[in-house]
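Have a look at the structure below before the remarks.
The values are calculated or read from the model by the stated rules, or taken from the named source; none is laboratory data. These figures come from a predicted structure and were not determined experimentally. Using ideal geometry, Cβ is built from the backbone for each residue, glycine included, and neighbour counts are taken over all protein chains shown. With ligands, DNA and RNA removed, areas are computed over all heavy atoms of the protein, side chains included. Shrake-Rupley method; radii C 1.70, N 1.55, O 1.52, S 1.80 Å.
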Amino acid sequence: MEKIRVRGGRRLEGVLSVSGAKNAVLPAMAAALLTPEPVVLENSPAVRDVATMIRVLQRLGAADPVREDGRIILRVPEIRSPEAPYELVKTMRASVLVLGPLLARCGEARVSLPGGCAIGARPVNLHIAALEKLGARIQVEHGYILATGRDLRGAEIIFDSKTVTGTENVMMAATRARGRTVLRNVAQEPEIEDLAALLNAMGARITGAGSDTIVIEGVEGLRGAVHPVIPDRIEAGTFLMAAAITRSSLRVENCRPDHLVAVLDKLRDVGVRMEVGDSSVRVAPGSPLRAGNLITLPHPGFPTDLQAQYMALMTQAEGTSIITESIFENRFMHAGELRRMGARIDIDGHSAIVQGATPLTGAQVMATDLRASACLILAGLVADGETTIDRAYHIDRGYERIEEKLRRVGADVERIR
Ligand code: EPZ
């Protein structure tokens, strides 16, 4: 099984370019189910989850997708079979994003119920409850969500709590429901705004995406569209922290600083010096890092997908940081691996108490999920000696050629067997 080997102690220098966002392209790909016409997604990242979503869409009836120059061309002339099977959904929970579009397109869907994952139970009860409010009849049987609803109707829906893919699923279903749908207490992530922009380019009538209330006027049908996927703010945040933890001078380009406000604020708080441009951020080697408490929150708060990387950073900061994870109940698996590298971290319920600055030593560690693997790479960049990260496949799910990108700015990172 592939591993990633990092030799620490090098300063990085140069430019890191950000790819398209994994969490924006996946719902956008599912949206192609809503029309028989071609949907062209530009700036699509070459990550493994995209390949998995392509396989799911092919099962449903997508003609062979074209992938060239960072573009994906998808066309679903008809829904051949409205089933997203267990063997695909178990490898990628985001496959559940086909549920809403299938209901809207053909009034029927059989989608394997995503199981739990390393970071939490992650139920989809909010998706189901909201789709039922649009008039879908839903049962869960033999591990599958069985949904029917040939005549979805607009409704007023208040989510009990914010859910990113739940908002996206229901927004897509409501585009072709009869009448108006009002979604309240929705997630406000930039990926949701990006999906609404695509759907509106396809002829939908959506307003309010990015705020906590979205209004959708149902339409008869949707057409094809060409859409540039937004840059990946989580990849950008990871690179900013790679620069900060190695005290390097780096420019992170092709990003959207306006999607990273909470992250940039937090990094400034802990002593990272940055110049922020329209589509780039330059990190300058600065004063020693200071400890900083953090709580992860739905957007526009600090993203949970950067919590692990921030924990690695805080191992190198002077003082005690308390990191509270408010989104997922089990997202501190990386703490144990950082401790193997010499970090001083105690877990107390939903909080991790990190003492710094602590010199890290290279070790054999194991990635438990996508963002944990990014955290371990960052720790490896400052550790003394060699770090070998097992289960490297996690990182490929959401980062496009990360070791190549890091090597280009001077890091000693490579893939080994
Ligand atoms: C999205 O997951 C992202 N994935 C996650 O990124 C990200 O961590 C998460 O949003 C939060 O920002 C994609 O966009 C593909 P949620 P999602 O529904 O939509 C609970 C990464 O590393 N909940 O907003 O699945 C849930 O258990 C991944 O790229 C319910 O209880 O997250 C969690 O505690 C990891 N019932 C909270 O809400 C539901 O029906 C937020 O989850 C839905 C969610």
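See the values below:
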quantity	calculated
Some residue of region 200-213 being touching a Gly at 6+ places or on another chain (Cβ under 8 Å) and surrounded by 20 or more Cβ atoms within 10 Å (Cβ to Cβ)	yes
Members of region 21-47 that are open to solvent by 10 Å² or more (accessible area, probe 1.4 Å) and more than 23 Å from Leu240 (Cβ to Cβ)	Pro36, Glu37, Pro38, Val40, Glu42
Enumeration of residues in region 397-416 that are more than 18 Å from Ala236 (Cβ to Cβ) and of a type outside the set (Val, Ile, Thr)	Arg407, Gly410, Asp412, Glu414, Arg415
Helices (runs of 4 or more DSSP H) completely within region 120-212 that count 1 or more residues being within 16 Å of the ligand (Cβ to nearest atom) and of a type in the set (Ser, Thr, Tyr)	164-174
Test set (1) open to solvent by less than 10 Å² (accessible area, probe 1.4 Å); (2) in contact with a Cys (Cβ under 7 Å, 6 or more places away or on another chain) - Pro231 fails condition number	(1)
Exclusive hit being crowded, with 18+ Cβ neighbours inside 10 Å, over 30 Å from Thr246 (Cβ atoms) and either in contact with a Lys or Arg (Cβ under 6 Å, 6 or more places away or on another chain) or among the β-branched types (Val, Ile, Thr) (or both), set Val18, Val76, Val50	Val76
Selected residue [over 19 Å from Arg48 (Cβ atoms) and either modelled with pLDDT of 95 or more or not aliphatic (A, V, I, L, M) (or both)] from Asp396, Asp390, Asp369, Asp412	Asp412
Residue that is farthest from Val47 (Cα to Cα), among those in region 369-400 that are surrounded by 24 or more Cβ atoms within 10 Å (Cβ to Cβ) and of a type in the set (S, T, N, Q)	Thr387
Residues (touching a helix residue (DSSP H, G or I) at 6+ places or on another chain (Cβ under 9 Å) and either more than 16 Å from the ligand (Cβ to nearest atom) or not aliphatic (A, V, I, L, M) (or both)) located in region 285-302	Pro285, Gly286, Leu289, Arg290, Ala291, Gly292, Thr296, Pro298, His299, Pro300, Gly301, Phe302
Selected residue [outside any loop (DSSP other than H, G, I, E, B), open to solvent by less than 30 Å² (accessible area, probe 1.4 Å), among the charged types (D, E, K, R) and in contact (Cβ under 8 Å) with a residue 12 or more places away in the chain] from Glu403, Glu414	Glu403
Criterion: among the acidic types (Asp, Glu) and under 22 Å from Ala104 (Cα atoms) - qualifying residue of Glu189, Glu168	Glu168
Qualifying strands (runs of 3 or more DSSP E) (wholly inside region 234-343; at least 2 residues being surrounded by 17 or more Cβ atoms within 10 Å (Cβ to Cβ) and of a type in the set (A, V, I, L, M))	249-253, 280-284
Selection count where residues are touching a strand residue (DSSP E or B) at 6+ places or on another chain (Cβ under 6 Å) and under 25 Å from Ile73 (Cα atoms), scope region 204-217	2
Per-region count, region 369-417, residues in contact with a His (Cβ under 7 Å, 6 or more places away or on another chain) and farther than 20 Å from Ala244 by Cα	2
Pairs, first at negative phi in region 300-315, second assigned to a loop (DSSP other than H, G, I, E, B) and aromatic (Phe, Trp, Tyr), C-beta under 7 Å, six or more apart	Thr304/Phe328
Residue count, region 81-110 (criterion: over 17 Å from the mean Cα position of the chain (by Cα) and within 13 Å of the ligand (Cβ to nearest atom))	2
Neighbours by Cβ (under 7 Å, 6+ apart or cross-chain): first from region 129-146, in contact (Cβ under 8 Å) with a residue 40 or more places away in the chain; second open to solvent by 40 Å² or more (accessible area, probe 1.4 Å) and of a type in the set (Phe, Trp, Tyr)	Gly143/Tyr86
Any chance Glu132 is out of contact with any Leu (no Cβ under 7 Å at 6 or more places or on another chain), closer than 29 Å to His299 by Cα and among the charged types (D, E, K, R)	yes
